[in-house]
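Derivation of every value follows stated rules applied to the coordinates shown; laboratory data play no part. Since this is a predicted model, take the numbers as computed values, not measurements. Neighbour counts are summed over all protein chains in view; Cβ atoms, including those assigned to glycine, are modelled from backbone coordinates with ideal geometry.
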Amino acid sequence: MNKILLQEYILGGGRVNYTSTDLSRLAIRGVLFDGYNKKQVDSLLAKIIEDYNEMNNNIHELKCQISTLNETVQHYRVLEESLQHSILVAQHTAEQIKANACDKAKNIIDEAELKAQKIIDEATNEARNIQTKYEQLKNEVFTFKTKSEALLQAQIDVLKQLFSE
C-alpha cells in the first residue's frame, strides 16, 4: 500500500474491501479455456494474505505507537502546564520578596531617620542646657566678682579710714 492509501486507511477507520479472512476464503473459478492456473492464483493469494496480515500488524503497531506517543504528548503537556504554573508562582513569589524587601528597607530608613531626629533633638536640648548653665555660671562669676570687688572696696575704705585718722 502506498503512503496515501495507508493514511486513508488509518484515517478512514480501517475499512477495506476485503479482510485477510475474506481473501483466504476467496475462490476464483477457472474457465475451461483461457482459465487461470490454480497453483499460481493460490500462491498469489497466499502472498497477498501474508502481505495483508503484515500490513494489518503494522497498522496495529502504528496505532499502538500513535497511542503511546499521544499519551507521551499529553504527559509533556501536563508537565508544560505544571512548569508554567511553577514559573508563575516563582515570579509572584519573587515579586512579593522584592516588595517585602523594599518595605523593609523603607522601614529601616524611616526608623533610622526617627533615631537621627531623636539624637538631634537630644543634642539640641543638651546644648540649650549647657548654654543655660553657662549663662548661670557667667552670672554667678559676675555676681561673685561684683561682691568681691565691693567687699575689697569696703575693706580698702575701712583701711583708709583707719590710716587716715
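The label point for Ala46 and the one for Thr21, both projected 7 Å from the Cα toward the Cβ, are 2.3 nm apart.
Stretched out straight at 0.36 nm per residue, the stretch from Gln74 to Ile97 would grow longer than its current Cα-Cα span by 4.9 nm.
The calculated FRET efficiency for the pair Glu111 and Gln131, based on their C-beta separation and a Förster distance of 45 Å, comes to about 0.90. The listed peptides 46-54, 155-163, ordered by packing as a protection proxy, come out as 46-54, 155-163 (highest mean of other Cβ atoms within 10 Å first).
The radius of gyration of the Cα set in region 30-165, together with its Dmax, comes out at 57.2, 195 angstrom.
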